[in-house]
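Before I ask anything, let me first share the structure, which is written out below as structure tokens.
The values are calculated or read from the model by the stated rules, or taken from the named source; none is laboratory data. Just so it is clear, the structure is predicted and the values come from calculations on it, not from any experiment. Cβ atoms come from the backbone with ideal geometry, glycine included; neighbour counts cover every protein chain shown. What goes into the accessible areas is simple: the full protein's heavy atoms, side chains included, and nothing from ligands, DNA or RNA. Shrake-Rupley method; radii C 1.70, N 1.55, O 1.52, S 1.80 Å.
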Amino acid sequence: MMTPLVAGLFALAGVTLGVFLEPVKARVAARARLREERAVRCAELVEAATTARDAILWLFRTVRTVAPPVAADPALVVEAEQRYWSARSDVKKALLLLRLVGPEQLITAAEAVAEADRALRTLWFDREPAARRPNSAEMLEVVESGRRAFDEFTDVARRLTAPV
């Protein structure tokens, strides 16, 4: 007679505990999904920004306007420029998606990466070919500030997407 009573009490306790723990489990799962979403968006931005930066730097290294100029195949230049614009649209998309999921700190760091990309872009696309200086102090400063923005973004992303 005692066994069914004890079993009933344990069943009631288990159901009660489950009811109280369900909201906690749901919050933990929602936080894990948000962290995963942030990590995916950050990875997209990192990949796109790296591709865009590499394309611009390739153009500067290959098509040197400082003496002696190196002749580059026009088809390769066009391909690198197209690769840049494709990656640039991916940067914009990743930034917009990060604005949906990220905290303000992550969004600010991502915007700094996009701004550094814009500064690098102006050195190539907004200038006449004769005015492009790959070894200038301005170019070195823009590349260095872009690297700092990228490093800061990855540090913030690592902090905000790491499992707790």
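For residue 162, work out the one condition from (1) over 25 Å from residue 58 (Cβ atoms); (2) more than 12 Å from the chain's Cα centre (by Cα); (3) among the aliphatic types (A, V, I, L, M); (4) surrounded by 11 or more Cβ atoms within 10 Å (Cβ to Cβ) it doesn't fulfil.
Of everything listed in (1) over 25 Å from residue 58 (Cβ atoms); (2) more than 12 Å from the chain's Cα centre (by Cα); (3) among the aliphatic types (A, V, I, L, M); (4) surrounded by 11 or more Cβ atoms within 10 Å (Cβ to Cβ), residue 162 misses just condition (4).
Kindly indicate whether any position in the stretch 115-138 is closer than 29 Å to residue 35 by Cα, assigned to a helix (DSSP H, G or I) and open to solvent by less than 50 Å² (accessible area, probe 1.4 Å).
Checking the stretch 115-138: at least one residue is closer than 29 Å to residue 35 by Cα, assigned to a helix (DSSP H, G or I) and open to solvent by less than 50 Å² (accessible area, probe 1.4 Å).
I need the full set of residues from the stretch 97-121 which are farther than 12 Å from residue 52 by Cα and among the basic types (Lys, Arg), in order please.
Listed by number, the list holds a single entry, 99.
Looking only at the stretch 57-75, decide whether some residue is at pLDDT 80 or above, part of a helix (DSSP H, G or I) and open to solvent by 70 Å² or more (accessible area, probe 1.4 Å).
Checked the stretch 57-75: no residue is at pLDDT 80 or above, part of a helix (DSSP H, G or I) and open to solvent by 70 Å² or more (accessible area, probe 1.4 Å).
Kindly provide the set of residues from the stretch 140-149 that are buried (at least 18 other Cβ atoms within 10 Å of the Cβ) and either over 30 Å from residue 37 (Cβ atoms) or modelled with pLDDT of 90 or more (or both), ordered by number.
142, 143, 149
Taking only pairs six or more apart or across chains, which ones have beta-carbon atoms under 6 Å, a first residue in the stretch 152-164 that is over 11 Å from residue 38 (Cα atoms), and a second residue that is in a helix (DSSP H, G or I) and of a type in the set (D, E, K, R)?
Short answer, once both residue conditions are applied: none.
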